[in-house]
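The values are calculated or read from the model by the stated rules, or taken from the named source; none is laboratory data. Since this is a predicted model, take the numbers as computed values, not measurements. Using ideal geometry, Cβ is built from the backbone for each residue, glycine included, and neighbour counts are taken over all protein chains shown. Just the protein is used for accessible areas: all its heavy atoms, side chains included, with ligands, DNA and RNA removed. Shrake-Rupley method; radii C 1.70, N 1.55, O 1.52, S 1.80 Å.
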Amino acid sequence: MIKVQRTKTLSTKDNNNSANCIAPNVIYGCFGGCVSTYCYMSRYNDKRVYVNSNVDEIFNSVVEWEKGFVKVSDQQDPVYTMVDIACNSDLVLMQKHMPEPLIDYLKKYDNHPTLNTTMATKYPSLLTLDVSSFNKKPRVRVSVMPQVFSDILEPKMQSITTRIQDINRLKDLGWEVHVNYSPVIFYPGWEELYDDLFAEIKTIAGENKCEIIALTNHALQMQRSSFLAQNLMKYSSEIKNNEGIMRYPLSYKTKWLNTFKYLYTQYFDIESIRYIF
Ligand code: SF4
């Protein structure tokens, strides 16, 4: 179900992870294959998709938010105020449902002196926009995980190898491309699988900035997931907050992320990790 509406939720939210702030949604909802597994948005929304047509108001909300923000060089970006424009949807996959072309939406930010955009995608092959004439490179974060995990958690989505192959193509189109190890899945055998993934990325796409974000989960998602998906996500079982978000038990998570970092640095410079959590 797709519903076109004018959103009244026009608040830009502070962020300190992938971006400095999160823009109000142009699209809330997604047709990605992970909607029935780990997708944060789908926890309460299921498969509904809301298309918000008041794009100028959405953009103005970000502009207003930024007036109260003092940018310093930070983990998000050394220069620009980074705006996550695709927090509750994969806008690359969903671009044909946008109320205005994705390129026009990106251009609004590009024409602003200090704002720049970032968005994650699991469908980089669908991103064909040439942004080489932009004033600043918009950022796209290509999400990856070992293919055997993706087969279960991201059914019928773009294969991991072809996502990696898209990285250099997108750079040629003028994008700033980061690798998004998200969600990281810790399940017996993960060390070898991620080691293979790092080797593949190094061979095909070289070194890139990256984010590393361990899986968080929720009981509602577990109920809706396949048996195999539940099994893969089951170690993320420690209740983190009163919303019922679950994470890997902290005592293990710290150790596993350190091992992840060690494996990563056998292939890439530690400085290329922009964010790990
Ligand atoms: S691609 Fe992102 S927004 Fe879409 S279903 Fe998957 S996790 Fe959710």
Original post:
Are any residues in the range 27-76 under 26 Å from Met145 (Cβ atoms) and either of a type in the set (A, V, I, L, M, F, W, C) or touching a Pro at 6+ places or on another chain (Cβ under 7 Å) (or both), and if so, which ones?
Top reply: Ile27, Cys30, Phe31, Gly33, Cys34, Val35, Tyr38, Cys39, Met41, Val49
Original post:
So which residues in the range 71-102 are crowded, with 20+ Cβ neighbours inside 10 Å, of a type in the set (Val, Ile, Thr) and more than 15 Å from Asn17 (Cα to Cα), if there are any at all?
Top reply: Val92
**OP:** Quick one: Ser150 ticks every box in (1) in a helix (DSSP H, G or I); (2) within 15 Å of the ligand (Cβ to nearest atom); (3) open to solvent by 10 Å² or more (accessible area, probe 1.4 Å) except a single one, so which number is it?
**Re:** (3)
**OP:** Determine which single condition Gly68 fails, assuming it passes every other condition in (1) more than 16 Å from the ligand (Cβ to nearest atom); (2) under 20 Å from the mean Cα position of the chain (by Cα); (3) loosely packed, with under 14 Cβ neighbours inside 10 Å; (4) of a type outside the set (Asp, Glu).
**Re:** (2)
Original post:
Within the range 178-199, can you find the residues that are in contact with a helix residue (DSSP H, G or I) (Cβ under 6 Å, 6 or more places away or on another chain) and open to solvent by 10 Å² or more (accessible area, probe 1.4 Å)?
Top reply: Tyr187, Asp195
Subject >> Qualifying positions in the range 153-176 - within 16 Å of the ligand (Cβ to nearest atom), charged (D, E, K, R) and in a helix (DSSP H, G or I) >> reply: Arg163, Asp166
**OP:** Sort out which residues of the range 118-137 are more than 16 Å from the ligand (Cβ to nearest atom) and either on the phi > 0 side of the Ramachandran plot or buried (at least 22 other Cβ atoms within 10 Å of the Cβ) (or both), and write them in order of number.
**Re:** none
Original post:
Hey, among the residues in the range 238-264 that are more than 22 Å from the chain's Cα centre (by Cα) and hydroxyl-bearing (Ser, Thr, Tyr), which one's most open to solvent (accessible area, probe 1.4 Å)?
Top reply: Tyr262
Subject >> Residue count for the range 138-147, restricted to those that are open to solvent by less than 10 Å² (accessible area, probe 1.4 Å), within 14 Å of the ligand (Cβ to nearest atom) and charged (D, E, K, R) >> reply: 0
Original post:
When only residues in the range 38-60 that are in contact with a helix residue (DSSP H, G or I) (Cβ under 8 Å, 6 or more places away or on another chain) and aromatic (Phe, Trp, Tyr) count, which is nearest to the ligand (Cβ to nearest atom)?
Top reply: Tyr38
